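Encoded as structure tokens, the structure appears first; notes follow it.
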Amino acid sequence: MKLDGLKILLVEDCPDQQRMLLHLLEQEGGLVYLECDGYAAVRMVRRAMRDGQPFDAVIMDLVLEASDGIDATRSIVQMCPSMPIVAITAHGSE
């Protein structure tokens, strides 16, 4: 999986998961930007689109302490319906 030059927003609030995912994504050539909560992620996506430098993809933790990753994902989809968003979580449920 080569990510050469892809601009990726990683939204994850667990420091251990941040380090692991950041390492893996950068190792594959991704340009990774990190946010810890959904509100900040939505602002960052909005700013990047306004500046004409949108993200190529978002990796969103669905369970965030400061905000809900699902609500943030909905907001991002409304702004940019074609944005690929990968949902992750360490808290599985049915």
Report task. Would you please list the contacts, defined by Cβ atoms under 7 Å and residues six or more apart or on different chains, that run from a residue in region 65-90 that is in a helix (DSSP H, G or I) to a residue that is open to solvent by 60 Å² or more (accessible area, probe 1.4 Å) and at pLDDT 95 or above? Result -> Met79/Arg46; Met79/Met49
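Before we move on, is Leu34 in contact (Cβ under 8 Å) with a residue 24 or more places away in the chain and touching a strand residue (DSSP E or B) at 6+ places or on another chain (Cβ under 9 Å)?
Working: in contact (Cβ under 8 Å) with a residue 24 or more places away in the chain: yes; touching a strand residue (DSSP E or B) at 6+ places or on another chain (Cβ under 9 Å): yes.
So Leu34 passes the test.
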Requested in this report: Keeping to region 71-94, report how many residues are under 13 Å from the mean Cα position of the chain (by Cα) and either surrounded by 15 or more Cβ atoms within 10 Å (Cβ to Cβ) or closer than 19 Å to Leu21 by Cβ (or both).
Outcome: 11
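If you go through region 5-17, how many residues are closer than 18 Å to Ile85 by Cα and surrounded by fewer than 18 Cβ atoms within 10 Å (Cβ to Cβ)? I'd like the intermediate steps shown before the answer.
From region 5-17, those closer than 18 Å to Ile85 by Cα are 5-13, 17; that's our starting set.
Pick out the ones that are also surrounded by fewer than 18 Cβ atoms within 10 Å (Cβ to Cβ) and you get 5-7, 13, 17.
Residues meeting the conditions: 5.
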Query raised in the report: Applying the selection to region 34-64, what residues are open to solvent by 20 Å² or more (accessible area, probe 1.4 Å), part of a strand (DSSP E or B) and either modelled with pLDDT of 95 or more or not aliphatic (A, V, I, L, M) (or both)?
Result: Leu34, Glu35, Ala57, Ile59
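The values are calculated or read from the model by the stated rules, or taken from the named source; none is laboratory data. Given the structure is predicted, the values throughout are model-derived calculations rather than measurements. All Cβ positions, glycine included, derive from the backbone under ideal geometry; neighbour counts span all protein chains shown. Note: areas computed on protein heavy atoms with side chains; ligands, DNA, RNA excluded. Shrake-Rupley method; radii C 1.70, N 1.55, O 1.52, S 1.80 Å.
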